[in-house]
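S.K.: Handing you this structure, nothing more for now.
Just so it is clear, none of the values below were taken in a lab; they were calculated from the coordinates. As the structure is a computational prediction, the values presented were derived from the model and not from experiment. So basically every Cβ, Gly included, is an ideal-geometry build from the backbone, and we count neighbours across all protein chains shown.
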Amino acid sequence: MPESPPRSCVTPTGSFRYAVHKPAYSVINRREHDDIRPLGEFPDGRRHLNTRNFPAGDVKVDEGEWIYEIPNAFSFRGTTYICRSWAEAKAAAPESIALPPPPATSMSGLLRDRKGPRLADLPHPVLLALAAHSTDPDDLTEIAELCCEFVHKHGEPVGLRYTRDNTGRPRAVIHDHTLFEVVVNNEALPDHYKEVMVLRPGVQGDSEIIGEWRRGESHIFEYLRRNSYIPWGHYAANMANDAIRYRLSDLSQTDMDGLRHLYYQRTFLRLAEELAADIPARREMLSQHALAELRLRILARLQ
């Protein structure tokens, strides 16, 4: 038989070839509880709540974001999937993809010109290194206060300051995104800062929570990442904000059981939907027994 031509974005005629996915889909909501709470405040004092992360029913996406599927020019390098909004923004400003030139940095000059410099006075590369490697919570707390704006009560952070972008969407006031991302990944940053900056449901976006596992000290949320480069979205089971895990050794066997259960649950539910098999009632996590029964119904439909 003749060999099929290699997949490539370059056709024999020299034109550019790609595929366009226009997804529409629905997602069964298995989350049992709501956890509506403020993420922060706007300048006028109004609270910004995470209501969008806790839908009351199933999630229906009628017109998901288009996804471009681009086979690499060299077929052995695989395929790239990118969101339309990202692609169009970069096409309008291709220079935004480039790495910025490093800023002028002189530690000796800083120490020569000042006596006892503050953290805010440090050159940016030095501040980034400190954010990544310091084990002093006081260092990291001060760096966190430099890179974004908090709402404080009794001297403790309880949320982030928010504003609205030119489309009206709420945006956290973050002055230095790179520094923000580095410091929140440092385990030594106090947990109440981690929770307010990145762990509280909704602080990283509007992704709906459509599954939940809770056993003792183990608590996991399953998010629908609808703004995914995967057409039809993807699912992410993440430790909840009250079960902070920053090291692999922090994960318990119960944590792993929960992660595994949520992944199997979502996989079996999607298969059952595709096969028109009976699905148990919504807004509850399936027990191990119910999950095993659903698996057997799927096998029966396949046969």
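S.K.: Do any trypsin sites (Lys or Arg not before Pro) in the range 188-266 lie in a DSSP loop with no more than 16 other beta carbon atoms within 10 Å, and if so, which?
M.R.: Listed in order of number, the matching sites are 245, 247.
S.K.: Now, a different point. Would you calculate the separation in nanometres between label points at residue 44 and residue 275, each defined as 7 Å from the Cα along the Cα-to-beta-carbon direction?
M.R.: Here the modelled spin labels are 5.3 nm apart.
S.K.: May I pose another question? Given 4 °C and 1.567 mPa s, compute D for the range 232-289 with the Stokes-Einstein relation, Rh being the Kirkwood radius over Cα pairs; round to the nearest whole µm²/s.
M.R.: Details: Rh = 13.4 Å.
Rounded to a whole number, D works out at 97 µm²/s.
S.K.: Separate question: Taking the Cβ of residue 55 as the centre, find all other residues whose Cβ is under 12 Å away and add up their charges (Lys, Arg: +1; Asp, Glu: -1).
M.R.: +3
S.K.: Relative contact order of the chain, please, whole-number percent, based on alpha carbon pairs below 8 angstrom and at least 6 residues apart.
M.R.: Reported as a whole number, the value is 19 percent.
S.K.: What 222 nm value per residue comes from the helices of the chain, counting each DSSP H run with n ≥ 4 as -39,500 (n - 2.57) and dividing by all residues, nearest 500 deg cm²/dmol? Can you show the working numbers first?
M.R.: On the way: 8 runs with 86 residues, N = 303.
Using -39500 (n - 2.57) per qualifying helix, the result is -8500 deg cm²/dmol.
S.K.: Over the range 173-279, consider all pairs of different Cα atoms and compute the Kirkwood hydrodynamic radius from their mean reciprocal separation; express it in Å, one decimal.
M.R.: Computed over the range 173-279, the radius equals 15.5 Å.
S.K.: Given 162, 182, 143, which one lies farthest toward the positive end of the charge dipole of the range 100-219, if we put +1 on the Cβ of every Lys and Arg and -1 on the Cβ of every Asp and Glu?
M.R.: Positive-most Cα among the choices belongs to 162.
S.K.: Can you find, among 289, 24, 228, the residue sitting farthest towards the positive end of the charge dipole of the chain, where Lys and Arg contribute +1 and Asp and Glu -1 at Cβ?
M.R.: Comparing the listed Cα positions along the dipole, 24 ranks first.
S.K.: Would you list the P(r) distribution for the range 21-165, with all Cα-Cα distances sorted into 10 Å bins from 0 and each bin expressed as a whole %?
M.R.: Bins of 10 Å from zero give 8, 18, 23, 29, 17, 5, 0 percent of pairs.
S.K.: The range 39-79: which GluC sites (Glu not before Pro) are DSSP loop and have at most 14 other beta-carbon atoms within 10 angstrom?
M.R.: When the GluC sites (Glu not before Pro) of the range 39-79 are filtered for loop state and at most 14 Cβ neighbours within 10 Å, 63 remain.
S.K.: Follow-up question, since we're still on this one. Figure the gain on full extension for residue 206 and residue 245 (residue separation times 0.36 nm, minus the Cα-Cα span) and round it to one decimal in nm.
M.R.: Roughly 11.8 nm would be gained on extension.
S.K.: List the aspartates and glutamates whose Cα lies under 16 Å from the Cα of residue 60, skipping any in the same chain that are fewer than 8 positions away.
M.R.: 206, 208, 273, 274
S.K.: Restricting things to alpha carbons, tell me how big the chain is in terms of Rg and Dmax, in Å.
M.R.: 23.6, 78
S.K.: For residue 59 and residue 145 in one chain, what is 0.36 nm times their gap in residues minus the Cα-Cα distance, to one decimal in nm?
M.R.: Gain on stretching residue 59 to residue 145: 27.3 nm.
S.K.: Please identify every one of the chymotrypsin sites (Phe, Trp or Tyr not before Pro) in the range 19-112 that sits in a loop by DSSP and has no more than 12 other beta carbons within 10 Å of its own beta carbon.
M.R.: On the way: sites: 25, 66, 68, 74, 76, 81, 86; in loops: 66, 74.
Of the chymotrypsin sites (Phe, Trp or Tyr not before Pro), the ones in loops of the range 19-112 whose Cβ has at most 12 other Cβ atoms within 10 Å are 74.
S.K.: Where does the charge balance sit around residue 203 when Lys and Arg score +1, Asp and Glu -1, over other residues with C-beta under 11 Å from its C-beta? Please report the intermediate quantities before stating the final value.
M.R.: Values: positive: 37, 194, 200; negative: 195, 206.
Within the 11 Å Cβ shell, the charges total +1.
S.K.: In whole angstrom, note down how far apart the Cα centers of the range 146-205 and the range 271-292 are.
M.R.: About 37 Å separates the Cα centre of the range 146-205 from the one of the range 271-292.
S.K.: Please give the peptides 231-240, 132-141, 280-289 ranked by average Cβ packing (other Cβ atoms within 10 Å per residue), highest first, as a rough proxy for protection.
M.R.: So the order, starting with the most tightly packed, is 231-240, 132-141, 280-289.
S.K.: While we're looking at this one, here's another question. May I ask for the angle, rounded to the nearest 10°, between helix 124-133 and the longest principal axis of the chain, with both axes built from Cα atoms and the value confined to 0 to 90°?
M.R.: Once rounded, the angle reads 60 degrees.
S.K.: Starting from the Cα gyration tensor of the range 1-75, take the square roots of the eigenvalues, sort them a ≥ b ≥ c, and report rounded, prolate or oblate (rounded when a/c is under 1.5, otherwise prolate if a/b is larger than b/c, else oblate). All intermediate terms of the calculation are to be shown ahead of the outcome.
M.R.: Working: a/c = 4.41, a/b = 2.46, b/c = 1.80.
Judged from the Cα gyration tensor, the range 1-75 comes out prolate (a/c at least 1.5, a/b above b/c).
S.K.: For the Cα atoms of the chain, what angle does the longest principal axis make with the long axis of helix 288-302, in degrees from 0 to 90, nearest 10?
M.R.: Taking the Cα atoms of the chain, the angle to 288-302 is about 50 degrees.
S.K.: Continuing with the same structure: Taking the Cα-to-Cβ direction at residue 93 and at residue 253 and moving 7 Å from each Cα, how far apart do the two end points lie in nm?
M.R.: It works out to 5.2 nm between the two label points.
S.K.: Right, here's the next one. Please find the FRET efficiency linking residue 135 to residue 156, where r is the Cβ-Cβ separation and R0 is fixed at 22 Å, and quote it to the nearest 0.05.
M.R.: With a Förster radius of 22 Å, E is 0.55.
S.K.: At a Förster distance of 45 Å, what's the computed FRET efficiency of residue 21 paired with residue 126, Cβ-Cβ distance as r, to 0.05?
M.R.: 0.55
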